[in-house]
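Notes follow the structure.
The values are calculated or read from the model by the stated rules, or taken from the named source; none is laboratory data. These numbers come from a predicted model, not from an experiment. Every residue, glycine among them, receives a Cβ derived from its backbone with ideal geometry; neighbour counts consider all protein chains shown. Side chains included, ligands, DNA and RNA excluded: accessible areas come from the protein's heavy atoms. Shrake-Rupley method; radii C 1.70, N 1.55, O 1.52, S 1.80 Å.
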Amino acid sequence: MIDGTINRSLFDLPQTRAWRWCCLLLLLCAPFGLCQAQKNTASVIEISGADDLLPLLQTHLQIIRLSRDNPLSPAELQRLVNITPQEIKDLLATEGYFSANVTGSVEQQAGQLLAHFRITLGKPTLIRHLDLVFEGAITQDPARMAKLRQSWQLPAGSVFRQVLWDAAKKEALRALLVRDYPAAKLTESRAAIDPENNSAQLLVSIDSGPQFTFGALEIHGLQRYPAQMIEQINTIRPGEAYSQERLSELQARVLDTAYFRSVFATINPDPAQANQVPIRLDVTEMESKRLGLGLGFSTDSGARGQIKWLDRRLLGHDWRLEAVLRIDQQTQLLGGDLYFPALQNGVLGGFLQGWIPSLGSSIERTTLTGTELEKIRNIARLSTPSRNNERVLSVALLADRRNIPDAEAISRRALLAGYSYVLRRLDQPVTPRAGYVAGIELQAGVGGVLNQDNISRVLVHGIWLRPLGNNWTTILRMQAGEVFGVHNDSVPEDLLFRTGGDQSVRGYAFGSLGVPRYGAIVGGNVMAVFSAEVVYQITPQWGIALFSDIGDAASSRQSFVWKQGSGLGGRWRSPVGPVNMDLARAHDSGEVRLHFSVGYGF
């Protein structure tokens, strides 16, 4: 009944016999037309003569993109063949080939449609003349203008390429914006191309505007903490020449205090107010007190539980207390660090201005490779606020008691002065793909009241990350150290060396490479570890790794024996850092061990 009603209403609309026959004919033919439209023939796209520019065309040509998705009908293929030569010419022009000749054709071949494009590149367009013009205050600095012209990325005589043309203008402007001239702007940009002579004339005009200087610091967003806390670590002085690097340094210094969730340092680049422009610092404060609970697991120490207490206004002062209780299958630790406000200009003539004093203390009990250790650490430090160029001066008092079954317990202590320097140059702080970290630690103590003998200790370490193409990353790691002048039974374990484990020589248990003693393993005076790893990113978040580690810890260089571990691993670029799952084989024993870790251990 319903179908009949629909049919009558359809044919009753126009009351003419001709219209009814037309409607009927359309209904009968529509399925055949749809079938015919769907019977598209597979097509093949060929390009000859493009040489090294073929990947560029394969990436951007519309006809190639559409043919990958669905077969093209003959009519659609012919339409695309008609417009593609101009597309090819436009793409080749971006690489400096403005006189290229392109022809396209369609042929039937082995039941397929073949679209063939023949390219004659011609000669590339060379830059015949470059005119880089400066206006504004920079005209008073001929040396700066000469340096900018010398560093221009597309000089006369080179092949004109659109990507380099855009990059060169951007870099020349950026060089002014980041130092002295934050109001600089591009006033004219022209590339005159002569296809007949295969030449180009470039004109770029940049107005630097006035030279800016820094003024007073204006802080916004403070409620819990005093402005003095930030002013103490601000090393920018009124009248100093503007520099984006100096703003970034101030931003990092304030953020590293751990009192603020976010920090943004900016200025208003108004050319009319260039002299001593105020520095605006927008901050978002952290809560003053926080209790943190954590659970974790690692193949080095097993399951772990942690309680952490943070007080950023201890006893109403600008003192920050970080206390922690941590328990795992090998270690029980209770400790804390107390950080004080940064030193002022008057300390040691300003040499240590901005350095942050702190005190640390902890007690720890550890059971590792048959050795039981009870430790006490006390340390006083002066640290620079910058982590990119981190320096630390310290005085440490260490004491421990070592117990090994079937051996007499021994107590050891040491008082040492120390200096460390760490250089960090990474593209990202949490999940880096490129850059390096290098550091050195020096400690020394004089024999006498606390030290049994004169003692000195050196530790150097580094890690280097380098991407290879879009999907590969190489990671090289090195660590080496030595304790001089004493036997390993006469200094606390924290000054000695062990290796083996997740961030060391994989394939060996944590701390298992050291000095054999009474059936246990103790720390040695000498240590070295080298590691090479290559990671292939399957997706932006997931990757696989092939690695090989080599190293050892021993009582002396003469007894040092290289131990090697190699294997395969999985990588996940998580929000908290690289998560590593490794299956490694120890070469000397053949034992296979699973390792799990987070981060690179910077």
The lone condition residue 231 fails out of (1) under 30 Å from the mean Cα position of the chain (by Cα); (2) charged (D, E, K, R); (3) farther than 30 Å from residue 259 by Cα is (3)
Looking only at segment 246-262, how many residues end up being more than 16 Å from residue 217 (Cα to Cα) and in contact (Cβ under 8 Å) with a residue 60 or more places away in the chain? 4
Go through segment 284-313 and count every residue that is farther than 25 Å from residue 582 by Cβ, out of contact with any Lys or Arg (no Cβ under 7 Å at 6 or more places or on another chain) and of a type outside the set (D, E, K, R). 4
For segment 324-338, pairs from a residue that is under 16 Å from residue 376 (Cβ atoms) to a residue that is open to solvent by less than 70 Å² (accessible area, probe 1.4 Å) and among the charged types (D, E, K, R), with Cβ under 6 Å and 6 or more apart or across chains, are 333/364; 337/322
Output for Cβ contacts, cut-off 7 Å, separation at least six or different chains, first residue open to solvent by less than 60 Å² (accessible area, probe 1.4 Å) in segment 149-170, second among the aromatic types (Phe, Trp, Tyr), reads 154/165; 168/152
Selection count, segment 339-376, where residues are open to solvent by less than 40 Å² (accessible area, probe 1.4 Å), farther than 23 Å from residue 295 by Cβ and in contact (Cβ under 8 Å) with a residue 24 or more places away in the chain: 12
Could you name every one of the strands (runs of 3 or more DSSP E) located completely within segment 451-566 that has at least 2 residues being open to solvent by less than 20 Å² (accessible area, probe 1.4 Å) and touching a Lys or Arg at 6+ places or on another chain (Cβ under 8 Å)? 455-468, 472-484, 526-537, 542-554
Expected output for segment 303-315 (first residue farther than 17 Å from residue 261 by Cα, partner small (Gly, Ala, Ser) and surrounded by 15 or more Cβ atoms within 10 Å (Cβ to Cβ), Cβ below 6 Å, 6+ apart or cross-chain) is 309/323
Filtering segment 586-602 down to residues that are part of a strand (DSSP E or B) and either surrounded by fewer than 17 Cβ atoms within 10 Å (Cβ to Cβ) or of a type in the set (Ser, Thr, Tyr) (or both) yields 592, 594, 596, 597, 598
In segment 70-85, is there at least one residue being under 42 Å from the mean Cα position of the chain (by Cα) and among the charged types (D, E, K, R)? no
Within segment 180-203, track down each residue that is within 34 Å of the chain's Cα centre (by Cα) and surrounded by 18 or more Cβ atoms within 10 Å (Cβ to Cβ). 180, 181, 182, 183, 184
Note on segment 204-224: residues assigned to a loop (DSSP other than H, G, I, E, B), open to solvent by less than 10 Å² (accessible area, probe 1.4 Å) and not small (Gly, Ala, Ser) are 212
Test residue 425 against the stated conditions and say whether it is closer than 29 Å to residue 385 by Cα, part of a strand (DSSP E or B), in contact (Cβ under 8 Å) with a residue 12 or more places away in the chain and open to solvent by 60 Å² or more (accessible area, probe 1.4 Å). yes
Could you pull out the residue among 237, 246, 261 that is assigned to a strand (DSSP E or B) and open to solvent by 40 Å² or more (accessible area, probe 1.4 Å)? 261
Whether any residue in segment 370-380 is in contact with a Leu (Cβ under 9 Å, 6 or more places away or on another chain) and over 30 Å from residue 302 (Cβ atoms) is what I want to check. yes
